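Each remark here refers to the structure printed beneath this line.
Quick note: the coordinates plus some simple rules give every number you see, no bench work behind them. Since the model is a prediction, treat every value here as computed from it, not as a measurement. All Cβ positions, glycine included, derive from the backbone under ideal geometry; neighbour counts span all protein chains shown.
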Amino acid sequence: MAIDTTIYVKPHSGISAYLDWLQMLTGAGLILFMWSHMMLVASVNLGVGVMNTIAHFFEATYMAQVGGPMIGLTFLVHFALAARKIPYRTKEQSTMWKHSKMLHHKDTWLWVVQAVTAMVILILGSIHMWTVLTDLPITAEKSAARIQGGFWLVFYLILLPMVELHVGIGFYRIAVKWGFIKRKTRKGFEGFENILTAIFILIGLVTLWRFMIIDV
């Protein structure tokens, strides 16, 4: 009697690929938001009235009241999607660390940095969004008073580089992973991304200094 030796392989559902696409799209959206957010907050460097006018526009059009929670939801969805690939168990983290040291691969280390900064941003970013959205309207004076009091200056000095590193690395990894940047142009694009990250961190530091000297 003949024996059927055919091996049946269950077809891949493709769900993982769709989730990767959603992770990329939410990540790209958050990158654009963070860059825009930085420039809008940095408008205080042009004058207190400039920032207040821009903030009033977003609130008068309900973009702050509606857009804020939407950004918060996008933030949580993106984290949940990215969390699928983050090692949480001690054994997994140890293995990841050993492999990173063994491979000496820069992009692997960038992923490690992005995973670590994601954890910090999840906590500090949530605190920041809750604090701002539950204390509308946004004004330069109110932001300055918050930064000049208590632990908030240290809070933002930690959050600022974490966000910009995460966003910059995310920008680079999206471009590489999805083929927007080819191998021959990768090095130049990486240099551009590093400069861009440094510029945004510098803008953030200057803006924090500006808030510190506003008379409240």
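What number, in percent, do you get for the relative contact order of the range 18-213 if the mean sequence gap of Cα pairs under 8 Å and at least 6 apart is divided by its residue count?
Working: 127 pairs, mean separation 62.4, N = 196.
Relative contact order of the range 18-213: 32 percent.
Which part of the range 176-207 falls in the paramagnetic zone of ASN45, meaning amide N under 14 Å from the point 7 Å along Cα-to-beta-carbon?
Inside the label zone: 196-207.
Convert each backbone phi in the range 65-78 into a coupling constant with the Karplus relation 6.51 cos²θ - 1.76 cosθ + 1.60 (shift: θ = phi - 60°), then list the ³J(HN,Hα) values in order as whole Hz, x for Gly and Pro.
So the Karplus estimates, Gly and Pro as x, are 5, 8, x, x, x, 5, 5, x, 5, 4, 4, 5, 4, 4 Hz.
Output wanted: per-residue J couplings in Hz (rounded whole) for the range 45-53, from phi through Karplus 6.51 cos²θ - 1.76 cosθ + 1.60, θ = phi - 60°, x for Gly and Pro.
5, 8, x, 4, x, 5, 5, 5, 5
Please give me, ordered by residue number, the trypsin sites (Lys or Arg not before Pro) of the range 123-216 that lie in loop per DSSP and have at most 14 other Cβ atoms within 10 Å.
On the way: sites: LYS142, ARG146, ARG173, LYS177, LYS182, ARG183, LYS184, ARG186, LYS187, ARG210; in loops: LYS182.
In loop regions of the range 123-216 (DSSP not H, G, I, E or B), the sparsely surrounded trypsin sites (Lys or Arg not before Pro) are LYS182.
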